[in-house]
Amino acid sequence: MARKHLLNHIINPKEASDKPEAGHDGRSAYALRGASRSMLLSLEEMAENSLRVQDGETIVMLDPNDIDPSPYVDRIEEDGEALNVLVEAIREAGQISPILVRPNPDVAGRFILVYGHRRTRAAKMLGIKVRAIIRDLEDLAHIVAQGQENTARADLSFIEKALFASRLQQSGIDRQAIRQALSIDNAMLSRMLSIAEGIPTDILEQIGAAKGIGRDRWDELKRLLLPPAKLEQARQFVAEARFQELGSPERCLALLEELKRKGRRARPKNVSEKKWSLADNKMSVTTKHAANGFSLSLKAADADAFGTYLSAQLEELYDEFQRQQKKG
């Protein structure tokens, strides 16, 4: 038999009574918004915590330094502002919702975090213990609990969920367990894996979590990065200062706009060129100096033979060059 929600009559007044009260003018509904609704949701978490205790799950106090992170990374970056807000909230009102950990099978007295990494970090920053539920879980149950908690809280962006799914698959987790963890169907899982594996990791790390950017834009970015020239263009763009100054969602949009430009942006050139002749103008020599390169061009009747001879002497010449460099 399903248990009745303790605050159902407060948060869902329509379910508690089908008959509206006389004089109802919408003010009751307004009261459920903003701070009032946040308060009720906090009360809801407290009620859920009491039900956990009734179901035999005891909430304990743990030293956050005894808790190891989950081996299944599900975030690209930490939201510093959100963490600071959480730290202040716990400082003022305490930790309402407990984290979930499981005993570390390899180290007695230590635990592995299943979910609640920000609450754990906030407690560590405050120098206090963290409220936790300890549950014996196998790896698959760990993954499902972690994924479903983050999905329920809308805590992860689309690309973070896609990367989480990709990492789980690389760890040998079967697709059914991944679908269950993220509460998605097989078609969505296939699309997530295609995007996560189709966009190079270095590009994803530069963009970040990009909360609010949906799967269609990520899918478009994956397709735009297919040509090698476009991938090089993207890597050049994400290294620029103006890209780094943008927030994560704006970085994704800016990169999309950049890649849609026709042609490839010319790389800034800083090349010096010199020309001269040798052996009474029998051979013409051209050298080009760039920031990270040097080229030599020869034109003469025997340029091919001389070039072959010169190539055979390069190792010896370079060794002599290094000896001269060391002498100063």
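The values are calculated or read from the model by the stated rules, or taken from the named source; none is laboratory data. Keep in mind that this is a model prediction, so the values were computed, not measured. Counting neighbours? That spans all protein chains shown, and the Cβs are built from the backbone with ideal geometry, glycine included. Each accessible area value is taken on the protein alone, full model and side chains, heavy atoms only, with ligands, DNA and RNA left out. Shrake-Rupley method; radii C 1.70, N 1.55, O 1.52, S 1.80 Å.
Quick look at the numbers
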| read-out | value |
| --- | --- |
| Ala145 being open to solvent by less than 60 Å² (accessible area, probe 1.4 Å) and either in contact with a helix residue (DSSP H, G or I) (Cβ under 9 Å, 6 or more places away or on another chain) or modelled with pLDDT of 90 or more (or both) | yes |
| Breaking point among (1) modelled with pLDDT of 85 or more; (2) over 30 Å from Asp202 (Cβ atoms), for Ile112 | (2) |
| Residue match in the range 251-273 (condition: modelled with pLDDT under 85, part of a strand (DSSP E or B) and in contact with a Gly (Cβ under 9 Å, 6 or more places away or on another chain)) | no |
| Residues (under 16 Å from Val73 (Cβ atoms) and open to solvent by 30 Å² or more (accessible area, probe 1.4 Å)) located in the range 169-196 | Gln169, Gln170, Ser171, Gly172 |
| Matching residues in the range 123-133 - criterion: being touching a Lys or Arg at 6+ places or on another chain (Cβ under 7 Å) and either part of a strand (DSSP E or B) or closer than 14 Å to Arg110 by Cα (or both) | Val130, Ile133 |
| Filter result for Thr308 (hydroxyl-bearing (Ser, Thr, Tyr), surrounded by fewer than 13 Cβ atoms within 10 Å (Cβ to Cβ), modelled with pLDDT of 80 or more and out of contact with any helix residue (DSSP H, G or I) (no Cβ under 6 Å at 6 or more places or on another chain)) | yes |
| Options Arg175, Arg191, Arg215; residue that is of a type in the set (D, E, K, R) and over 19 Å from the mean Cα position of the chain (by Cα) | Arg175 |
| Members of the range 287-318 that are within 48 Å of the chain's Cα centre (by Cα) and in contact (Cβ under 8 Å) with a residue 12 or more places away in the chain | Thr287, Lys288, His289, Ala290, Ala291, Ser297 |
| Positions within the range 68-99 being at pLDDT 85 or above and either among the hydrophobic types (A, V, I, L, M, F, W, C) or in contact with a strand residue (DSSP E or B) (Cβ under 6 Å, 6 or more places away or on another chain) (or both), in sequence order | Asp68, Pro69, Val85, Leu86, Val87, Ala89, Ile90, Ala93, Gln95, Pro98, Ile99 |
| Test: Ala209 is in contact with a helix residue (DSSP H, G or I) (Cβ under 6 Å, 6 or more places away or on another chain), in contact (Cβ under 8 Å) with a residue 60 or more places away in the chain and either part of a helix (DSSP H, G or I) or open to solvent by less than 70 Å² (accessible area, probe 1.4 Å) (or both) | yes |
| Every residue from the range 154-168 that is open to solvent by less than 60 Å² (accessible area, probe 1.4 Å) and among the aliphatic types (A, V, I, L, M) | Leu156, Ile159, Ala162, Leu163, Ala165, Leu168 |
| Residues satisfying the stated conditions in the range 172-206, i.e. more than 21 Å from Glu258 (Cα to Cα), out of contact with any Gly (no Cβ under 8 Å at 6 or more places or on another chain) and part of a loop (DSSP other than H, G, I, E, B) | Gly172, Ile173, Asp174, Ile184, Asp185 |
| Conditions (1) polar (S, T, N, Q); (2) touching a residue at least 12 places away in the same chain (Cβ under 8 Å); (3) open to solvent by 10 Å² or more (accessible area, probe 1.4 Å): number failed by Thr201 | (2) |
| Near pairs, Cβ below 6 angstrom, 6+ apart or cross-chain, from the range 85-109 (open to solvent by 20 Å² or more (accessible area, probe 1.4 Å)) to any residue that is small (Gly, Ala, Ser) and in a helix (DSSP H, G or I) | Leu86/Ala122; Ile96/Ser42 |
